[in-house]
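Engineer: Sharing a structure here in structure tokens format.
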Amino acid sequence: MCLKTVTKTSMKNYLEQLKQAIEEADCIVIGAGAGLSTAAGFEYSGPRFNQYFSDFIHKYHFTDMYSGGFYPFESLEEHWAYWSRYIYINRYMEPPKDVYNKLFELVKEKDYFVITTNVDHCFQKAGFDKQRLFYTQGDYGLFQCSEPCTQETYDNESIIEEMIQKQKNMKIPTELIPVCPHCGKPLTMNLRCDDTFVEDEGWHLAKERYTEFLRTRVNKKILFLELGVGYNTPVIIKYPFWQMTANNPEATYVSINKGYASCPPEISSQSICIDDDIGDVLNQL
């Protein structure tokens with residue numbers, strides 16, 4: 001692995017290269033991972049966690065939002081009291097920082113497409129075209145049958161808001177527990193955790209649009225802009241970006257990720273890897 005990273009002292013030159021790459025690109029493919037939302041202030045521990053989950057922290061000694069999501073609560077009423085807060089602050093509230101908005105301003109006049117493993121819907125909230133987004137791992141804003149008995153998903157905004165308003169003593173009213181309209185089994189989050197993940201019609205249409213975008217621009221001057229992608233699921237964004245860059249001498253690969261910006265030596269001459277906070281880089285751009 002070639003760790004082609006930059007430091008503060010050389011940042012100016014790399015920012016100029018990045019600006020030029022964006023300006024000259026015929027099209028841009030944005031690949032976004034958890035690091036992008038972290039840069040936008042969606043942190044799962046610390047003050048934000050303490051503000052919204054102090055009662056659960058006191059009772060169960062949770063150390064962060066994510067680990068608490070896996071706790072086997074004794075009742076569905078308590079499970080959904082926790083998860084309704086989790087969904088509300090990470091899906092329906094605005095990010096604390098305007099990182100996504102700045103990214104949109106940077107690319108909105110370009111021919112772009114976004115593929116992301118994030119499930120917080122921040123791209124659409126920032127103004128990105130829904131038809132140019134592919135959420136591969138699901139959406140906090142969708143329920144699915146826990147079985148699942150169908151390949152359907154269900155918008156959850158109204159029921160989540162009701163759960164938030166009516167929960168007491170860390171429990172929601174029993175009548176608000178979401179159940180499948182077809183088989184009556186409990187609904188669950190549409191998140192890719194195992195082989196029960198529902199890829200509904202919208203998911204498949206988004207995948208087709210992404211595939212078509214790549215197919216019709218395969219030989220163009222394409223910029224693969226990877227933001228906050230680590231190595232939990234590199235086969236979704238990182239490895240394909242490397243491969244497509246290697247196959248196209250006109251392509252440029254950019255990785256911006258604090259502590260994880262790197263590229264293989266085969267594409268180092270086509271790459272810009274910036275080891276820095278994504279928000280700071282976008283501010284300077």
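Engineer: Identify the residue in segment 218-252 that is over 15 Å from Cys263 (Cα atoms) and of a type in the set (Val, Ile, Thr) and, among all such residues, is surrounded by the fewest Cβ atoms within 10 Å (Cβ to Cβ).
Structural biologist: We begin by selecting, within segment 218-252, every residue over 15 Å from Cys263 (Cα atoms); these are 218-222, 232-233, 236, 248-250.
Next cut, of a type in the set (Val, Ile, Thr) only: 218, 222, 233, 236.
Working: Val218: 12, Ile222: 23, Thr233: 16, Ile236: 19.
Per the stated criteria, the residue is Val218.
Engineer: Tell me which residues, restricted to segment 199-216, are without any contact (Cβ under 8 Å) to a residue 60 or more places away in the chain and either of a type in the set (Val, Ile, Thr) or under 21 Å from Gly141 (Cα atoms) (or both).
Structural biologist: Hits for segment 199-216 are Glu199, Asp200, Glu201, Gly202, His204, Leu205, Thr211, Thr216.
Engineer: Let me ask another. Pro249 versus (1) within 22 Å of Val119 (Cα to Cα); (2) free of Cβ contacts under 8 Å to residues at least 24 places away in the same chain: which is the lone unmet condition?
Structural biologist: Every listed condition holds for Pro249 apart from (1).
Engineer: Sort out which residues of segment 146-176 are of a type in the set (Val, Ile, Thr) and touching a strand residue (DSSP E or B) at 6+ places or on another chain (Cβ under 7 Å), and write them in order of number.
Structural biologist: Result: Thr153, single match.
Engineer: For segment 183-285, please list each of the helices (runs of 4 or more DSSP H) lying entirely inside it that holds at least 1 residues being within 24 Å of Arg91 (Cβ to Cβ) and small (Gly, Ala, Ser).
Structural biologist: 201-215, 278-284
Engineer: Name every residue in segment 256-279 that is of a type in the set (S, T, N, Q) and more than 14 Å from Ala39 (Cβ to Cβ), in order of residue number.
Structural biologist: Ser262, Ser268, Ser269, Gln270, Ser271
Engineer: Quick one: what pairs do we get from segment 257-282, first residue free of Cβ contacts under 8 Å to residues at least 60 places away in the same chain, second assigned to a loop (DSSP other than H, G, I, E, B) and of a type outside the set (A, V, I, L, M, F, W, C), C-beta under 7 Å, 6+ apart or different chains?
Structural biologist: Note: pairs meeting the criteria are Gly259/Asp275.
Engineer: Can you pull out every residue in segment 22-61 that is over 28 Å from Pro72 (Cα atoms) and surrounded by fewer than 20 Cβ atoms within 10 Å (Cβ to Cβ)?
Structural biologist: Ile22, Glu23, Glu24, Asp26, Cys27
Engineer: What about Tyr140, is it surrounded by fewer than 20 Cβ atoms within 10 Å (Cβ to Cβ) and in a strand (DSSP E or B)?
Structural biologist: Answer is no for this residue.
Engineer: Restricting the first residue to segment 9-29 and requiring it to be among the β-branched types (Val, Ile, Thr), which pairs with a second residue that is crowded, with 17+ Cβ neighbours inside 10 Å meet a Cβ separation below 6 Å and a spacing of at least six or different chains?
Structural biologist: Sorted first by the residue in segment 9-29, then by its partner, the pairs are Ile28/Val107; Ile28/Tyr112; Ile28/Leu223; Ile28/Leu225; Val29/Phe113; Val29/Phe224.
Engineer: On to the next question. Residues that are among the charged types (D, E, K, R) and at pLDDT 95 or above, at least 2 per element: which helices (runs of 4 or more DSSP H) completely within segment 16-135 meet that?
Structural biologist: Ranges flagged: 47-60, 76-87, 99-107.
Engineer: Kindly indicate whether Val254 is touching a Leu at 6+ places or on another chain (Cβ under 7 Å) and either within 23 Å of Asp120 (Cβ to Cβ) or free of Cβ contacts under 8 Å to residues at least 12 places away in the same chain (or both).
Structural biologist: So Val254 passes the test.
Engineer: Looking at Leu133, Leu176, can you tell me which residue is over 23 Å from Phe56 (Cβ atoms), surrounded by 14 or more Cβ atoms within 10 Å (Cβ to Cβ) and either touching a Leu at 6+ places or on another chain (Cβ under 7 Å) or among the aliphatic types (A, V, I, L, M) (or both)? Can you show your working first?
Structural biologist: Numbers: Leu176 fails: over 23 Å from Phe56 (Cβ atoms).
Exactly one of Leu133, Leu176 is over 23 Å from Phe56 (Cβ atoms), surrounded by 14 or more Cβ atoms within 10 Å (Cβ to Cβ) and either touching a Leu at 6+ places or on another chain (Cβ under 7 Å) or among the aliphatic types (A, V, I, L, M) (or both), namely Leu133.
Engineer: Follow-up. Quick check on my filter: what residues within segment 85-114 are acidic (Asp, Glu) and buried (at least 17 other Cβ atoms within 10 Å of the Cβ)? Spell out how you get there, then give the answer.
Structural biologist: First pass over segment 85-114, keeping only residues acidic (Asp, Glu): 94, 98, 105, 109, 111.
Selection gives Asp98 alone.
Engineer: Something else about it: Which residue is nearest to Leu191 (Cα to Cα), if the candidates are limited to segment 148-163 and must be surrounded by fewer than 16 Cβ atoms within 10 Å (Cβ to Cβ), touching a residue at least 24 places away in the same chain (Cβ under 8 Å) and not hydrophobic (A, V, I, L, M, F, W, C)?
Structural biologist: Per the criteria, the residue is Gln151.
The values are calculated or read from the model by the stated rules, or taken from the named source; none is laboratory data. Since this is a predicted model, take the numbers as computed values, not measurements. Heads up, the Cβs are rebuilt from the backbone with ideal geometry, glycines too, and the neighbour counts pull from every protein chain shown.
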